[in-house]
1. Would you mind computing, in nm to one decimal, how far apart the modelled labels at A:Val102 and B:Ser284 are, each placed 7 Å from Cα along Cα→Cβ?
2. Which entries in B:Lys144/B:Lys303; B:Lys33/B:Lys65; B:Lys65/B:Lys303 show an alpha-carbon gap greater than 29 Å?
3. Divide by every residue of chain A the summed helix terms, -39500 (n - 2.57) for each DSSP H run of at least 4, and state the resulting mean residue ellipticity at 222 nm, rounded to the nearest 500 deg cm²/dmol.
4. Can you give the FRET efficiency to the nearest 0.05 for B:Ala340 and B:Glu238, using r as the Cβ-Cβ distance and R₀ = 25 Å?
5. What's the average, rounded to a whole number, of partner chain beta-carbon atoms within 10 Å of each residue's beta-carbon in B:150-163?
6. Compute, for region B:219-359, the length of the dipole vector about the Cα centre, with Cβ point charges of +1 (Lys, Arg) and -1 (Asp, Glu) only. Units Debye, rounded to 20.
7. If you build the Cα gyration tensor of region B:65-354 and take the root of 5 times each eigenvalue, what three semi-axes come out, in whole angstrom, biggest first?
8. Using the heavy atoms of the protein chains alone and a 1.4 angstrom probe, what is the accessible area of region A:135-184 per residue in square angstrom?
Amino acid sequence: MSFSDWISQPVNWVFLGLALAVLAAGFRVVTSQNVVHAALFLVATLAGVAGLFVLLSAEFVAWVLVLVYIGAVVVLFLFGIMITRAPTGQDVGLDNRRARPVAAVVSLGLFGVLSWTSVRAFQDTAVAGVGERTPTDILGEALLGRFVFPFEVVGFVLLAALIGGITLARRDLTPKEEEERGAV
Amino acid sequence: MDIVDVLLIGLRVVATFALLLVVTILNVWAERKVVADMQNRIGPDRAGPWGILQTVADGLKLFFKESVTPSKVERGVYLAAPFLAVVPAFLIFSVVPWGAPVEVFGRTMPLQVADLNVGLLFILAMSSMAVYAVVLAGWSSGSKYPLLGGVRATAQAISYEAAMGLAMVAVVMYSATTGDGTGTLSLAELVERQAGTFLGFIPRWNIIPQFVAFAIFLVAIVAETNRAPFDLVEAEQELVGGFHTEYSGMRFAMFFLAEYINVFSMSAIAATLFLGGWNGPTWSGILPAWISAILPVFWLLVKTYAIVFVFFWIRATLPRLRYDQLMQLGWKRLIPGALAWLMVSALFIGFRRFGLPWG
């Protein structure tokens, strides 16, 4: 399919617009010098990705993305920012210019690997069912039937990450420190 | 889809928008009257009969007041926050069916802006978007007290949304006992499945088998809308005003509008999920057809206002919770309670469908 064929379909204009918006917002996430602005650009990025899912008629996935990532994860980011570095304004150290080349190499490499594998894996296969709503019950059956094992493994990995996070963040006090704290 | 369909969709959107604005004007007045009555006061009685135009007068005043922008604010976010409050408040109502489908121009029109087949998820997503307005308003004001209000809002919204979602899951699970045997997330479908009766005379509303879920949902929506006794976000005595301290004029009015729209739409959602939505006697055949068509809207409004009244009643009765009490109630009572109820009702639904394991 040539580019002029591709661009002649209105649905692809929407795709192009959304994809460019996602890219621009994603770029601003890492270059923004204000940590709250970075979080808000992350919201814009995720909203754009949800829009891409809607284009694929995956309403359920799109709203789950909005609910979980925009509604909970980024809100938690903001909560963390508010209780640690609340004042408004710029933080010049946030955009580390010396790390830019390394970051560019890593992110372009990741993009290359992911796009290469997905292009190789699917080739020209059209995705079935685009344009009709995905019934949620079929999704549920797939998740708790055929894919139940990966689903549970992902849950287990997340639990392990959670416990690991707590262990890393909460250092046990030495007896001496505990004594000092008790004295205060 | 032809021009008539498009016009009908437009009509529904405009009607919903107008409905929300009108009920907000009435609700502000009704709340002041109800609370005044409970406290042995008269309440507003100057503007119009029974003071019913008081909100219009207040709204006009706020509209013409200067919107002061303090010098320390983070401008862009500060100006955007009131809109972030109003937009999700309007959107959340768009999935609520506010009447039985009616016949117009030879086609059946559902009285609902959009029947998403993942309607409940949409409600949860939009109610979690509402927290952005409060957090960002508090942060961008560049002032200590609004920031504290914003931080409180985040913690509160996250805690009570979990309980609210779990209560909804119980309803979705229960909806699998009627219909085609799978649960549904569409609000229109949930209402249809509550038609009919238990034992011939008790209406088949979800509140009867799911009374625990209803109680949890009710507490959670009061907390989600930041209303008393969960209004720590705008505790005047502690925070000067709360997240909206630095807002004035029209921008303050928009936060106010969003709060009252949220109270109404959350009550309508509770009525839809637990009180049978627009189901009710229509006496079709006895009454003229147009009255029978309008009666479901009336039933939904009656049920919604019963819950809105509870909001006002609680506000007039209970003192504000302390912050640690709020967290205790959310994490140690409501969420474990909702999980336990989910297990119990799953067991009952399972026994009903598959029989007892030893039977």
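1. Placing both labels 7 Å along Cα→Cβ, they lie 7.0 nm apart.
2. On the way: B:Lys144/B:Lys303 41 Å; B:Lys33/B:Lys65 25 Å; B:Lys65/B:Lys303 37 Å.
With Cα atoms farther than 29 Å apart: B:Lys144/B:Lys303; B:Lys65/B:Lys303.
3. Numbers: 9 runs with 129 residues, N = 184.
Mean residue ellipticity at 222 nm (helix-derived): -22500 deg cm²/dmol.
4. Values: r = 34 Å, r/R0 = 1.35.
It comes out at approximately 0.15.
5. Details: counts 4, 6, 1, 3, 7, 5, 0, 4, 5, 0, 0, 4, 1, 0.
For this peptide, the per-residue mean of nearby foreign Cβ atoms is 3.
6. Working: 10 positive and 8 negative charges, 125 e Å.
The dipole of region B:219-359 has a size of about 600 debye.
7. On the way: eigenvalues 261, 109, 49 Å².
That gives 36, 23, 16 Å for the three semi-axes.
8. On the way: 4670 Å² over 50 residues.
The answer is 93 Å² per residue.
The values are calculated or read from the model by the stated rules, or taken from the named source; none is laboratory data. Computed from a predicted model, the values in this text were never measured in an experiment. Quick reminder, even Gly has a Cβ in these numbers, built from the backbone with ideal geometry, and neighbours come from all protein chains shown. Areas reflect the complete protein model, heavy atoms only, side chains present, ligands, DNA and RNA absent. Shrake-Rupley method; radii C 1.70, N 1.55, O 1.52, S 1.80 Å.
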